[in-house]
Amino acid sequence: MILNRISDIKKIRKKLGLTQKELAEKSGVSQSLIAKIESGATEPTYSKAVKLIETLELEQSKNQLNAGEIMTKRVIKCSPKDKVKRIVEIMQKEKISQMPVFEEHKCVGIISESSILKAKLKGEVKTVDECMDETPPIVNKNTNIKMISEMLEYSQIILVADKGSIVGVITKSDVIRGI
């Protein structure tokens, strides 16, 4: 949530379906002060504004999906020593365009149609380790969809972890499906 002006408090509160009384109870700010702020009759102190903003942000995050809810639980992965030809066959069969590369239960990179194509244009490639890219981001299963969406602007895939183990993957199509 981006709060550009204190006057946005009313708009955001209403968007979240909160009454002034509910916002007052959750934030520890009086309902009368919220009414005065929303009407433009007064400006809150810094500490009161922070309480209101933090409460609205918390309420908004409760309404957002998280990684555990939108992830694909079936993680199709490969090894650095796998043959690229076989990986291309798997990608086509599974209708995926990238997959994480694991070595001894640890993600060491990602292979994608793009990385394979780029490597093939430079010459012959036989194994995954010759054309894989850097390790993708790994998030907790409670990471909210907004943060995931922002990360997907820079990464093709995100891995989801729970207690140190990879439990799912997220791509742009997972986020779109979750909206």
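Please check which bits of the range 119-142 a label hung off ILE76 would reach, taking the label as a point 7 Å along Cα-to-C-beta and the cut-off as backbone N under 17 Å. Within reach of a label on ILE76, which here means backbone N under 17 Å from a point 7 Å along Cα→Cβ, the range 119-142 contributes 128. Can you flag which of LYS95/LYS172; LYS83/LYS141; LYS120/LYS146; LYS77/LYS118; LYS73/LYS126; LYS126/LYS172 are past 26 Å Cα-Cα? Flagged as over cut-off: LYS83/LYS141; LYS120/LYS146; LYS73/LYS126; LYS126/LYS172.
As a length-normalised measure over Cα pairs under 8 Å and 6 or more apart, the relative contact order of the range 8-62 settles at 39 percent. At an R0 of 30 angstrom, the distance between the Cβ atoms of ASP162 and SER97 translates into a FRET efficiency of 0.75. Taken along its three principal axes, the alpha carbon spread of the chain comes to 71, 31, 26 Å, from the longest extent down to the shortest. In the frame of its principal axes, the range 8-62 has Cα extents of 29, 19, 18 Å, reported largest first. Under the criterion of Cα pairs below 8 Å and six or more residues apart, the relative contact order for the chain equals 20 percent.
Summarising the amide proton neighbourhood of THR127: residues at separation of 5 or more, or on other chains, whose placed amide H is nearer than 5 Å comprise VAL84. Looking at the range 31-112, the GluC sites (Glu not before Pro) that sit in a DSSP loop and have at most 15 other Cβ atoms within 10 Å of their own Cβ are GLU104.
Extension gain for GLU113-ASN63 works out to 14.5 nm (0.36 nm per residue, less the C-alpha to C-alpha distance). For LYS36, list the lysines whose Cα falls under 27 Å from its own Cα; do not include residues on the same chain fewer than 8 positions away. Of all the lysines, those that pass the test against LYS36 - Cα under 27 Å, at least 8 places apart if same chain - are LYS10, LYS11, LYS14, LYS15, LYS21, LYS26, LYS48, LYS51, LYS62.
Quick note: the coordinates plus some simple rules give every number you see, no bench work behind them. Keep in mind that this is a model prediction, so the values were computed, not measured. Ideal geometry is used to build each Cβ from the backbone, glycine not excepted, and the neighbour counts take in all protein chains shown.
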